[in-house]
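So the structure is just underneath, and the comments pick up after that.
Every number in this text was worked out from the coordinates using simple rules, so none of it is lab data. Note that the structure is predicted; figures quoted are calculated from it, not measured. Every residue, glycine among them, receives a Cβ derived from its backbone with ideal geometry; neighbour counts consider all protein chains shown.
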Amino acid sequence: MTSIKIIGSTALALLTGLSPALAQMTAVGDGEGQLNIVAWAGYIERGETDKAFDWVTKFEAASGCKVNVKTANTSDEMVALMNEGGFDLVTASGDASLRLIAGKRVQPVNTDLIPSWSKVDPRLQNASWHTVDGVHYGTPYLWGPNVLMYNTEVFKEPPTSWNVVFEKMDLPDGKSNEGRVQAYDGPIHIADAAQYLMFHKPELKITSPYELNEEQYAAALDLLRGQRALVGRYWHDAFIQMDDFKNEGVVASGSWPFQVGLLKSEGLPIGSVIPQEGATGWADTTMLHVDAANPNCAYKWMEHTLSSNLQSDLSVWFGGNPVVPAACTDGSGMQTAEGCTANGLDDFEKIRFWTTPVANCSQGEGACVPYYRWVSDYIGVIGGR
Amino acid sequence: MTAILPAKSVADRLTTLFWRKPKLLLILLITPPLLWLGVVYLGSLAALLMQSFYSIDEFSGMVIPEFTLKTYAELLRPQNYDVIFRTLLMSAAVTLGCAILGFPIAYYAARFARGRWKAVFYLGIMLPLWSSYLVKVYAWKLILAKEGIITWAAEATHTSGILNAILSLPGIGGGSLSTSYIGMFLVFVYVWLPYMILPMQASLERVPTSMLEASADLGATRAQTFRTVILPLALPGVIAGSIFTFSLTMGDYIIPQIVGNSANFIGMAVYQLQGTAGNIPLAAAFAVIPILIMLVYLWIAKRMGAFDAL
C-alpha cells in the first residue's frame, strides 16, 4: 500500500510539471490562447460596466489570450479558489498574499521577463507582502488608503485627527458627534484603533497595528468600546455607507477613496483626508499560480497590467493609486496628478498596509493576538460588551 | 391444446416482476429522493454537527479535527451568549408582533371578505412576496432613515416629540429608527407578515359556521364565541405561522446588517465566523443553536396541533 502511495505521489510530482517551488520562467513564449484570473469585483473591466473602462479587449486582440475572470468577494475566497487550482493569476491583497506564498500556491515571478517592472514605484518593488527573502511572488497592481471621509459643511477645515471618530466630542458645528460617525464593520478596524493609540499613547509601544500583544490589544478594544457609544451603525457595504452619509446624518467615518469619489461626483459636500496619525491601507498584487496552465499568457498579462494606460484608468475606476507613478501625470489615461493626490499618493509613508495578524510576530513566538480572536472580540465590541 | 405464446420482451418481464413484487417498484422509485434527503440534506447537517465538535488552534488559527466540547463552551462567552439571547428575543418579539397584526387581517379576509374583496386581500398579502427581499429591505432603510419620510412626516405634523421619546427608550432606541432595534423589528414584521397571515387565514376559514351558530343559539355573546370557539380552533394556524416567523427571523442575516445598530445576530455571526475568520467550528456551533431551538419549538407546536392546519 505504501509503495503504491509513493508511486502515486511520484507520478503526481512528474505530472505537475517537475517544478520545484523556486523554479521560475526564463522566457516568455507564445500565448496559450487563454488566461484564468481570480480578481476583486471591478478590478478587471472589459467595458461591460462602463464603456469607457476597458483594459481587456485590447489585450485579448494583441496577445491572443482570452481572459476569463472569476470574481471573489473576500481574501479567504481567493485563497480557497487558488488552493482548488485551475487558475493562472490572482489579485491578492496583503492578507492573502503571504498565505498563498506560505502555502506554496504561487510561484516566483522572473521580473526580467516583465519590461515594465522598472517603471513600478520603487517603494512597492520589494514590498514585504509579495517579496520573501528577496524573491518576488508577483507584480503590484493597485493600492489605496483607508481615508477619513467627512462632510465639508460640518468640517469647514479638514479634521486633523481620527479623534472625531474615536472620542466623544463636539464637532465644529457645535453638536456632539454621537450617532453622527461611523466605523468599519470588520475586525480589521481594530488595527485602525491600534494605529490611533500608536500616536496618542506611545507608552504602549505599539510598533505595528497588526502585531499587538495582549496589553496593546486590550487598550485597542477599550478605545473601540468607547467608539461603540458614538456609532449608530457600522459600515461594511460601500453603498450603504454612502446612503448613510446622504440620509442618516453621518458626517465622518473611515472610508475608501471609492466612496469619496462617487459621493463627490454626485455633488455632495464630501471631502477626505489622511489625518496626522496616518491611515491603514490595502495593496494588491497579481500573483502567478504554482501550476498555472497558461504561464505565457500570464506573463503577458502582468506586463500589460503595468502599462501606464491601464494603471491610469484602473486607478480612476476603483479609486486607488497606480503602482506605476508615471500613470498619474503622463496623461495616458483618465488619471491626473490631482486625482492621485486625492487618492493618497503622497501619503504612502503614512499608510500601514493590511496584513493578517498572526500569533507569531516580531514580538516573539505566540506573542501577538491572532486574527480569529480579533473576529470574536470585535463581535463582542459591536454587541456592546 | 397448447397455446403458443410469443417470447416475452424485457418490458413485459419487468412489468411482471413489478406486479409480482410491488415493493421492488416502490424501492426503485423512492431511492433517489431518499438518497437526496439522506446524503445531501441530512449529510450536510451531519457534517455541520461534526465540525462543531472540532476546535480551532489558539495560535495558528488552524482547525484541529479532534473531538472536543471546547467550541460549545465558547458559545457561553458573554459576547456569544449575547448574540443568541438577542436573536431569540428579536424572534419572539417579531412573532408576537406578526400574530397581533396578522390576526385581524386574516380574520377579516377569512370571514367577511367576499368575491372581489377576497381576491384583493389575497393579492395584498401575497404582493410583497413577489418583489425582491433585498429591495424591500433597502426601501425600509430609506423610509426609516434619520432624514427619511417618517422623520419628515413627524416634523410636518409637529409630532417629532413622540418619535424622539420612542427613540430615547433605553436598549431598543437609537439615533434614528433605521439604527435602532425598533426599526429592525418593524422591518422584520413587514417582511415575514405574509407567512403568518396565510396559515392563520387557512385555519380561520375551516372554522365551521354551524359551530358559531350553535354558540349563538346557546346564548353566547360575540366576545364569548370568539374566545371559546374561534380562537381555540384557529390556534393551530397561529402556531403554524409562528413557526415561519420565528425560524425565519432567527436565521436571517441580511436585515440585521442593513437596519439596526450592527449588533450581531446568529446568522450574521455564522456568516462572519466562517467567511472572514475561518473559525468554522464556532460557526457550526452557532448554526446548531437555531436547529435545537426549532426542534423544541416544533415539538411543542406538534403537541398543540399546528401541523393540522398546514
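Judged by the mean number of other Cβ atoms found within 10 Å, the most tightly packed of the peptides A:323-334, A:173-184 leads the ranking A:323-334, A:173-184. Less than 5 angstrom separates the built amide H of A:V132 from those of A:Y137, all sequence-distant by 5 or more or on a different chain. Summing +1 for each Lys or Arg and -1 for each Asp or Glu among the other residues whose beta-carbon sits under 10 angstrom from that of B:I266 gives 0.
For chain A, the equivalent ellipsoid derived from the Cα gyration tensor has semi-axes of 38, 27, 17 Å, listed largest first. Normalising the average separation of contacting C-alpha pairs (under 8 angstrom, six or more residues apart) by the number of residues puts the relative contact order of region B:140-280 at 23 percent. With a 10 Å cut-off around each Cβ of A:365-372, the average count of Cβ atoms from other chains is 4. Per residue of peptide B:140-146, the mean number of Cβ atoms on other chains within 10 Å of the residue Cβ is 4. Computed over neighbours whose Cβ is under 11 Å from that of A:T286, the net charge equals -3, Lys and Arg +1, Asp and Glu -1.
Amide H contacts of A:K70 (H built 1.01 Å from N, in plane; Pro and chain starts excluded): A:I37, A:V38, A:A39 sit under 5 Å, all sequence-distant by 5 or more or on other chains. Couplings 3J(HN,Hα) for region A:160-176, derived from phi with the Karplus relation 6.51 cos²θ - 1.76 cosθ + 1.60 (θ = phi - 60°), are 9, 9, 6, 4, 5, 9, 9, 10, 5, 7, 8, 7, x, 7, x, 9, 5 Hz, where x marks Gly and Pro. Using Stokes-Einstein with the Kirkwood hydrodynamic radius over Cα pairs, what translational diffusion coefficient do you get for the protein assembly as shown at 25 °C and a viscosity of 0.890 mPa s, in µm²/s rounded to a whole number? Diffusion coefficient, whole number: 84 µm²/s.
Label positions at B:N164 and B:T68, each projected 7 Å from the Cα along the C-beta direction, are separated by 5.3 nm.
The relative contact order of chain B, computed from alpha carbon pairs under 8 Å that lie at least 6 residues apart in sequence, is 24 percent. What the Kirkwood sum gives for region A:138-282 is a hydrodynamic radius of 15.6 Å, with every pair of different alpha carbons counted.
Coupling constants for region A:197-208 follow from the phi torsions by the Karplus curve (6.51 cos²θ - 1.76 cosθ + 1.60, θ = phi - 60°), and in residue order they are 5, 3, 7, 8, 10, x, 5, 6, 6, 6, 9, 9 Hz; glycine and proline get x. Note on region B:79-147 and region B:162-221: Cα centroid distance 8 Å, given to the nearest whole angstrom. Among residues other than B:A110 with Cβ under 13 Å from its Cβ, the summed charge is +3 (Lys and Arg +1, Asp and Glu -1).
With the simple spin-label model, which puts each label point 7 Å out from Cα in the Cβ direction, the A:E178 to B:S44 separation comes to 4.6 nm. Simple spin-label estimate for B:M126 and B:E155 gives 4.1 nm between the two label positions (7 Å along the Cα-to-Cβ direction from each Cα). Both numbers refer to the Cα atoms of region B:1-142; Rg and Dmax are 28.7, 91 Å. Between region A:153-197 and region A:198-260, the C-alpha centres lie 8 angstrom from each other.
Run the numbers on chain A and let me know its relative contact order in percent, using alpha-carbon pairs under 8 Å that are six or more apart. Taking the mean separation of contacting Cα pairs over the length of chain A, I get 24 percent.
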